[in-house]
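The values are calculated or read from the model by the stated rules, or taken from the named source; none is laboratory data. Quick caveat: nothing in here was measured; it's all calculated off a predicted structure. Please note: Cβ atoms are built from the backbone with ideal geometry, for glycine as well, and neighbour counts cover all protein chains shown. For the accessible areas, the whole protein counts, side chains as well, though only heavy atoms, and no ligand, DNA or RNA atoms are used. Shrake-Rupley method; radii C 1.70, N 1.55, O 1.52, S 1.80 Å.
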Amino acid sequence: MRCGRKLAQDGDYCWRWTGFNFGFDLLITYTNRYIIFKRNTLNQPCSGSVGLQPRRSIAFRLRLASFDSSGKIICSRTTGYQILTLEKDQEQVVMNLDSRLLVFPLYICCNFLFTSPEKRTGGSAAPGSAVQ
């Protein structure tokens, strides 16, 4: 899933990208030049069901960019691809931005891949192996 957001000026922001109906409510916060992901399970109201597994994992790549008036990139940053495992209501800083390079408006784009918890079977076969 790919999501984006434009931050018009410096300040405190907190949002969810709609479409996160994977039983995993992820809050994204921008504050004091930090971008933080938080797995919301109990503290913030949300619509729909929220999975209460002890841990959930997400693969993501976060990219930021600022442009000048002619559309040329002034500033660009990326986390690269990362896997993050969050427990209930845990938050994690995913990017710390240098204020000397930060220019608004700031465009944020994130690619997400939610991973499901592994399902264990009663058999003794190794995962992915064929049972005969």
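Between GLN90 and ARG2, the simple spin-label model (points 7 angstrom out along Cα→Cβ) gives 3.0 nm.
When the accessible area of segment 48-104 is split by element with a 1.4 Å probe, what percent falls to carbon and sulfur? Result for segment 48-104: 49 percent of the exposed heavy-atom area is carbon or sulfur.
The share of Cα pairs per 5 Å bin across segment 2-113, counted from zero up to the longest distance, runs 2, 10, 23, 24, 18, 12, 6, 3, 1, 0 percent.
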